[in-house]
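Enquirer: Quick one: the structure is below, questions incoming.
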Amino acid sequence: MDAARGDARGCAGVIVVLDGGAPQLVERIAATRAAGDAVLIADPRWSADQRAGVERVASGIEERDATAWATLTSGSSGAPRIVRRTAASWTDSFAAVSALLGAGPDDVVALPAPASSSLTLFSLAHALEGGPRPVLGRDPFATLLHATPEGLRAVLDDGSLPRMRAALVGGSHLDPSLRARAEAAGVRVVSYYGAAELSFVALDTGDGLRAFPGVDLEVRGAEVWVRSPFVASGYLGAEGPLRRDGAWATVGDRAELRDGRLHLHGRADDAILSASATVIPHEVEEVLRSIPGVRDAVVFGMPRPRVGALVAAFVETTDADPVAVRSTAAALLAPAHRPRQWAFGDIPRTPSGKPARAEVARLMESDRADRH
């Protein structure tokens, strides 16, 4: 059954859980919204227990709630976290997105990330309001792309979108070399920073992150705060990082503003406390990605007695020698920031293409345990 309505069946304002792998998904989304209900897309790979847990939480929405869209950001089958947002919190950004991409009525946007991701669901919602026609997956007739950096890399690698002329890229760090590669192929790249709770915050057309149209930015105590019409309403289920102060909101991402550009330094709760030093993973990752032959890197703390945590790095390379990477990193990083634990290989990723940080940490801890 594609709906999670509980006792509210037939009433407007409930969350309907649609199967992301079902045929005619776009039409099902349109019908659900036309009925006044909110949409949440389920990943077909969820277990039965996880699906049941999500539906249980989704059924807790108030009957007259203004929620139009809902996305799952994290949690297990016992305590999923659903982000709720109004129709306007996305609709109000559609014109700006169309202008950034130069999107017209004949454009087709390829969406390689699963429909359950907020990134893809945003573009499906945009399509209902006159945005580019969406195609789930890859289509040789697509002229636009909305994807993570890994999604952009994949279509450049396989040449599956020969007509692509513009790409909207978010979800994780975009390597400058990947942007340059896309632009050399005639693809204009607009990357952005955002969050499921905040939607678009800042965008980068090649000269640094600036506030997205309609968004005001402040940095308070090294945290980025936004005043924006695009902020979500809140959560169902488990609590999350969204905090408010009047019209302003934050999810705790660390940043600084310099000359009107936003420089991100990762989530505040990702900081690694190693001996007497505080290490920001994002800063170490930037250095590692600057090393020739390094495609991507994930840095995190591995808890250890007495020192708090060791700095660990999982590095994905193209043709770089691991010994050379470690040697170069030692020359570029201060002693406290140098990774003490290393792994090299393909970085595990979420279905949408973001680095799966929890899985990276699990793999490295498991490998360490196997070697003892």
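The values are calculated or read from the model by the stated rules, or taken from the named source; none is laboratory data. The structure displayed is predicted, hence computed values, not measured ones. Cβ atoms come from the backbone with ideal geometry, glycine included; neighbour counts cover every protein chain shown. These area figures cover heavy atoms from the full protein model, side chains too; ligands, DNA and RNA do not enter into them. Shrake-Rupley method; radii C 1.70, N 1.55, O 1.52, S 1.80 Å.
Enquirer: Divide by every residue of the chain the summed helix terms, -39500 (n - 2.57) for each DSSP H run of at least 4, and state the resulting mean residue ellipticity at 222 nm, rounded to the nearest 500 deg cm²/dmol.
Expert: One gets -8000 deg cm²/dmol as the mean residue ellipticity at 222 nm.
Enquirer: Per-residue accessible area for residue 100 at 1.4 Å probe radius, Å² rounded to 10?
Expert: Looks like 40 Å² after rounding.
Enquirer: Tell me the carbon and sulfur percent of the accessible area for the chain, rounded to whole percent, probe radius 1.4 Å.
Expert: 50
Enquirer: Let me ask something additional. Is the shape of region 222-282 best called rounded, prolate or oblate, per the rule: a/c under 1.5 gives rounded, else a/b larger than b/c gives prolate, else oblate, with a ≥ b ≥ c the square roots of the Cα gyration tensor eigenvalues?
Expert: Here region 222-282 falls in the oblate category.
Enquirer: Kindly express, to the nearest 10 degrees and within the range 0 to 90, the angle between helix 25-34's C-alpha long axis and the longest C-alpha principal axis of the chain.
Expert: Computed tilt is about 60 degrees.
Enquirer: How would 124, 209 line up by accessible area, probe 1.4 Å, largest first?
Expert: 209, 124
Enquirer: At a threshold of 8 angstrom on Cα-Cα distance, excluding pairs fewer than six apart, so keeping six or more, what relative contact order does the chain reach in percent?
Expert: Relative contact order, the chain: 10 percent.
Enquirer: Here is a further query. Helix 48-58 against the longest principal axis of the chain: what's the angle in degrees, Cα atoms only, rounded to the nearest 10?
Expert: Long axis of 48-58 versus the principal axis of the chain: about 60 degrees.
Enquirer: Same structure, new question: Only sites in a loop by DSSP and with at most 13 other Cβ atoms within 10 Å count here; which GluC sites (Glu not before Pro) in region 15-108 make the cut?
Expert: Qualifying residues, ordered by number: 62, 63.
Enquirer: Can I ask one more? Quick check on region 258-328: take the gyration tensor over C-alpha atoms, sort the square-rooted eigenvalues as a ≥ b ≥ c, and tell me if it's rounded (a/c under 1.5), prolate or oblate.
Expert: Taking the square roots of the gyration eigenvalues as a ≥ b ≥ c, region 258-328 is oblate.
Enquirer: Additional query: Scan (i) 42, 29, 22; (ii) 34, 25, 21; (iii) 45, 22, 18 for the value of semi-axes √(5λ) of the Cα gyration tensor in Å calculated from this model and give just the label.
Expert: Read-out from the structure maps to (ii).
Enquirer: Hey, what's region 209-360 come to in accessible area per residue, 1.4 Å probe, Å²?
Expert: The answer is 48 Å² per residue.
Enquirer: Specify whether the C-alpha gyration tensor of region 300-372 places it in the rounded, prolate or oblate class, a ≥ b ≥ c being the square roots of the eigenvalues: rounded for a/c under 1.5, otherwise prolate if a/b is larger than b/c and oblate if not.
Expert: Since a/c reaches 1.5 but b/c is at least a/b, the shape of region 300-372 is classed as oblate.
Enquirer: Still on this model: Take every Cα pair under 8 Å in region 72-171 that's 6+ residues apart, average their separations, divide by the length, and report that relative contact order as a whole percent.
Expert: After rounding, I find 25 percent.
Enquirer: Now a separate question. Using only Cα atoms and rounding to the nearest 10 degrees, what angle (0 to 90) does helix 149-158 make with the longest principal axis of the chain?
Expert: Once rounded, the angle reads 90 degrees.
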